[in-house]
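All remarks here apply to the structure that follows.
The values are calculated or read from the model by the stated rules, or taken from the named source; none is laboratory data. Here the structure is a predicted model, which means the values were calculated and not measured. Cβ atoms come from the backbone with ideal geometry, glycine included; neighbour counts cover every protein chain shown. Areas reflect the complete protein model, heavy atoms only, side chains present, ligands, DNA and RNA absent. Shrake-Rupley method; radii C 1.70, N 1.55, O 1.52, S 1.80 Å.
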Amino acid sequence: MGVRGIGFSSVKNNTVSRKDEEIWATSDRDGLYLVWCTDSGTGVHKSFTLTVSFSGIPKGMTAQTAQSQTYTKTLTLAQCNEHTSQYASGVYWAIGLSSFNGLVSKLGNYAGDDIDFTNRKYDYLKFDVSIVANYADDFEWANGHTSSPPEYASLTVTYVPEYTITDVYYDEPELIVIEYDTPGWTRADDRWALHAAKISDGSSTMFKTESIVAENVWGTVANYGRIECPANAFTKSLMNKDIRLMIRWVAGYLPFGGAGNSAIWDDTVTSKVIKNTPTLSLASNDGSWISLNVGDSGDKGAEIDTVTITMEGGKYKLDTVTVTKSGNSFPKAVFKYCPYNTSLTFTAIGTKGRGASNPKTLSGIMLKNRNRTSFDTISGDGHVDLLHDIETSISTANNHDVVQFNGRRRPSAFYGTGGTTSLSFSATMLFEDADDFLALAQAELGDSSDIMVRLPDGKRYAMAVDSCDVDWTLRNQKQVSISGEEVDA
């Protein structure tokens, strides 16, 4: 016969309560009400005794305040808005926080129970609540108690601002700045994540990261109103492209996936200061590596001394190479791990100090490969090709949990992001060449480097080696095998 279901609601007559209430900057609400439920109503109860205290993070601050003074109030049934519902059992009750003298003025400059976004004094609130049901005088329980045991609840109120992206531009070749505005919000500790990125017409996705819900947050805002995003978060250069970009924010004191908001940019990405456009041409293509000539065209009268070249569509950080001018010339930009039999496009952006150039693109370059699988150490010069009797095995596994719910015939799957890709390769090699292959793997096992594996079909994998084996029966041949898992590089 006690109290249960303590929570918050935005209306007085709701039968559903929330432990975690969100108050959005754009919401139109009646107020914020403390609600609870009992099995019986009038005739069993005569009043309720409520105790409330709170702590919070003041507007724009980072540290949470200590718990406030305790507010205690005994309210008659007439003050508690008794109501029932045809859709739920029990009797429901609701009061506004203004029922506690002085409490609302501590939370903000509010009128009545409308605990809105604009007039808040806190960005986040945590309430500790206890409620006791006091029984009617003529209702005697078998155990002789005049009131129920106290029911406790911890409740939170999160204020959620509205964000507007005002500009997206290159500040440097490797740095994209996203400026935003959020009225009435002054926090500089918001975390952010790329949520979507596409060419404006939707024809191409240029996005490497996953949602903030997947616990993949890029970082904290550089300062209020400014996000600094690494250019390698995208599979293509954004310079001078019309893009549709979505950013999601969540306050630093909330968990990943907590109450946040998002905004969309649908416009052209440029540079604030336009530098000379770099020159870009093919220097060499030896069938394994690609080398590019880089220079300064001088077309804008604004010198560049650094050029960043990106292989478009690449999924690894090493698909971006930066060269810096030495004397009167730039060194060649060398791409050691390009995929085979794939038409490649390279985009170069130059800079010197602040600002960036328009992009220079070079397309149609291909590393041709008939049937070899190549292994290269990522930090080093080791290189081995497998040519004969190659056997390849690639298996993938999603990150997921399987849960069996009551009443369901089959379990339900909940998928995370990413997963595991397992790789194994075997081949026949000449006796002396196998020594080079074994040395390649042993270097990796000695924690010198991961290995980049490139297949003839254009696929490639950065691999951490788990094992390497060499067997032989013939005098001039060895059977080699290597296995591992794909890693970031």
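Within the stretch 91-106, the set of residues being surrounded by fewer than 16 Cβ atoms within 10 Å (Cβ to Cβ) and not in a helix (DSSP H, G or I) comprises ASN101, GLY102.
Suppose we keep only residues that are part of a loop (DSSP other than H, G, I, E, B) and of a type in the set (Lys, Arg) within the stretch 26-59. Which one would you say is modelled with the lowest pLDDT? Among those that are part of a loop (DSSP other than H, G, I, E, B) and of a type in the set (Lys, Arg), it is ARG29. Scanning the stretch 125-135 for residues that are under 15 Å from PHE8 (Cα atoms) and surrounded by fewer than 20 Cβ atoms within 10 Å (Cβ to Cβ) yields a total of 3. Among residues of the stretch 376-397 being buried (at least 17 other Cβ atoms within 10 Å of the Cβ) and more than 16 Å from GLN479 (Cα to Cα), the one that is modelled with the lowest pLDDT is GLY382. Restricting attention to the stretch 328-344, the residues that are without any contact (Cβ under 8 Å) to a residue 24 or more places away in the chain and among the aliphatic types (A, V, I, L, M) add up to 0. Within the stretch 303-318, being in contact with a strand residue (DSSP E or B) (Cβ under 6 Å, 6 or more places away or on another chain) and open to solvent by 20 Å² or more (accessible area, probe 1.4 Å) holds for THR306, THR310, GLU312.
Looking across the stretch 283-327, the residues that are touching a helix residue (DSSP H, G or I) at 6+ places or on another chain (Cβ under 7 Å) and in contact (Cβ under 8 Å) with a residue 40 or more places away in the chain come down to THR310, LYS317, THR320. Taking the stated definitions as given, is ILE165 crowded, with 20+ Cβ neighbours inside 10 Å, part of a strand (DSSP E or B) and in contact (Cβ under 8 Å) with a residue 60 or more places away in the chain? Answer is no for this residue. Being in contact with a helix residue (DSSP H, G or I) (Cβ under 9 Å, 6 or more places away or on another chain), farther than 15 Å from LEU292 by Cα and part of a loop (DSSP other than H, G, I, E, B) is the requirement here; does GLY353 meet it? So GLY353 fails the test. Of all residues in the stretch 269-295 being charged (D, E, K, R) and out of contact with any Ser or Thr (no Cβ under 7 Å at 6 or more places or on another chain), which is surrounded by the most Cβ atoms within 10 Å (Cβ to Cβ)? Step by step, filter the stretch 269-295, then rank; the result is LYS272.
Take LYS360 and tell me if it is touching a strand residue (DSSP E or B) at 6+ places or on another chain (Cβ under 9 Å), without any contact (Cβ under 8 Å) to a residue 40 or more places away in the chain, surrounded by 18 or more Cβ atoms within 10 Å (Cβ to Cβ) and not β-branched (Val, Ile, Thr). Answer is no for this residue. Among the residues making up the stretch 223-255, those that are farther than 12 Å from ILE176 by Cα, free of Cβ contacts under 8 Å to residues at least 60 places away in the same chain and not in a strand (DSSP E or B) are TYR224, GLY225, LYS241, PRO255.
Looking only at residues of the stretch 69-90 that are of a type in the set (A, V, I, L, M, F, W, C) and closer than 18 Å to THR51 by Cα, we find that the one that is most open to solvent (accessible area, probe 1.4 Å) is LEU77. ALA427 falls short on exactly one of the conditions (1) at pLDDT 80 or above; (2) open to solvent by 40 Å² or more (accessible area, probe 1.4 Å); (3) more than 29 Å from the chain's Cα centre (by Cα), and that condition is (2). Note on the stretch 225-253: residues that are closer than 22 Å to GLU22 by Cα and open to solvent by 20 Å² or more (accessible area, probe 1.4 Å) amount to 4.
The number of residues in the stretch 9-29 that are under 25 Å from the mean Cα position of the chain (by Cα) and β-branched (Val, Ile, Thr) comes to 2.
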